[in-house]
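The values are calculated or read from the model by the stated rules, or taken from the named source; none is laboratory data. Fair warning: this is a prediction, and the values are worked out from it, not measured in the lab. So basically every Cβ, Gly included, is an ideal-geometry build from the backbone, and we count neighbours across all protein chains shown. Quick note on the areas: whole protein, heavy atoms, side chains included, nothing else; ligands and nucleic acids left out. Shrake-Rupley method; radii C 1.70, N 1.55, O 1.52, S 1.80 Å.
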Amino acid sequence: MKMCRGLESLPNNCLERAKGLKARLSIFLQKPDAFSKLGHSNKADKLRPSLQEALQWRETFDKLLTNKHGLAAFRAFLKSEFSEENIEFWLACEDYKNTKSSAKLSSKAKTIYEEYFENDAPKEVNIDHETRKITKNNLLHPSLSCFDLAQNQIYTLMEKDSYSRFLKSSTYQELTKKPMCSCIQQQNSSKKPHT
């Protein structure tokens, strides 16, 4: 995993990337009525999950991953933590398992291995030596299940570690805030304490 020590030690491109992620994530934090004033309410509705939808993500990790908004929010969260290689590897495995042509299996398997397993791979995932060895041996005769062990290990890592941090993150907390009706806010502000 890539780790950055502090903002002052980040290269400009890394800092700019973090700022870009924050800007992209901000769409989730926009109030729905802010878009309707601009005439973009349909776009905002498509980009922002409903409160009920976001609340379902905390039920199970699978519910988060199978929801397009949930997956996008979790992916952005992992990018903000510089550990996006985990979800990218998991998604690459899901795509790999949907490969229909046996002729493409070998080239796809090689690409995944080079991108996520080789020493100094651009998106090297953190898996144990034994799993790495088994996966490499599986590539001698690629099958739809050759990455299953490694994928399960990364899934468990994300579920036990990243998922719980995501649920505690300010981004998720903001998505699950219950909107208060403006009439209730006005009513509460007009109430005078009894003396």
(request) Report the normalised scattering of segment 44-159 as log10 I(q)/I(0) at q = 0.13 Å⁻¹, calculated by the Debye formula with identical scatterers on the alpha carbons. (result) -0.55
(request) Give a quick list of GluC sites (Glu not before Pro) in segment 79-176 that DSSP marks as loop, anything other than H, G, I, E or B, with at most 13 other Cβ atoms within 10 Å. (result) Glu118
(request) Just need log10 I(q)/I(0) for segment 96-147 at q = 0.24, 0.30 Å⁻¹, Debye formula, equal scatterers on the alpha-carbon atoms, no solvent, rounded to two decimals. (result) -0.91, -1.23
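Over 28 Å between C-alpha atoms is what I'm after, so list which of Lys79/Lys100; Lys133/Lys160; Lys97/Lys136; Lys68/Lys100 land there. Could you put the intermediate results ahead of the total?
Working: Lys79/Lys100 30 Å; Lys133/Lys160 24 Å; Lys97/Lys136 17 Å; Lys68/Lys100 23 Å.
As for pairs spanning more than 28 Å Cα to Cα, those are Lys79/Lys100.
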(request) Go through segment 60-70 residue by residue and turn each phi into a ³J(HN,Hα) via Karplus (6.51, -1.76, 1.60, θ = phi - 60°); whole Hz please, and just put x for glycine and proline. (result) 8, 5, 4, 5, 5, 6, 8, 9, 4, 5, x
(request) Could you go through segment 94-103 in sequence order and give the Karplus-derived ³J(HN,Hα) for each residue, using 6.51 cos²θ - 1.76 cosθ + 1.60 with θ = phi - 60°, rounded to whole Hz, and x for Gly and Pro? (result) 4, 5, 4, 5, 9, 5, 8, 8, 5, 5
(message) Given a 1.4 angstrom probe, I'd like the percentage of the accessible area of segment 84-168 that is carbon and sulfur, rounded to a whole number.
(response) 50 percent
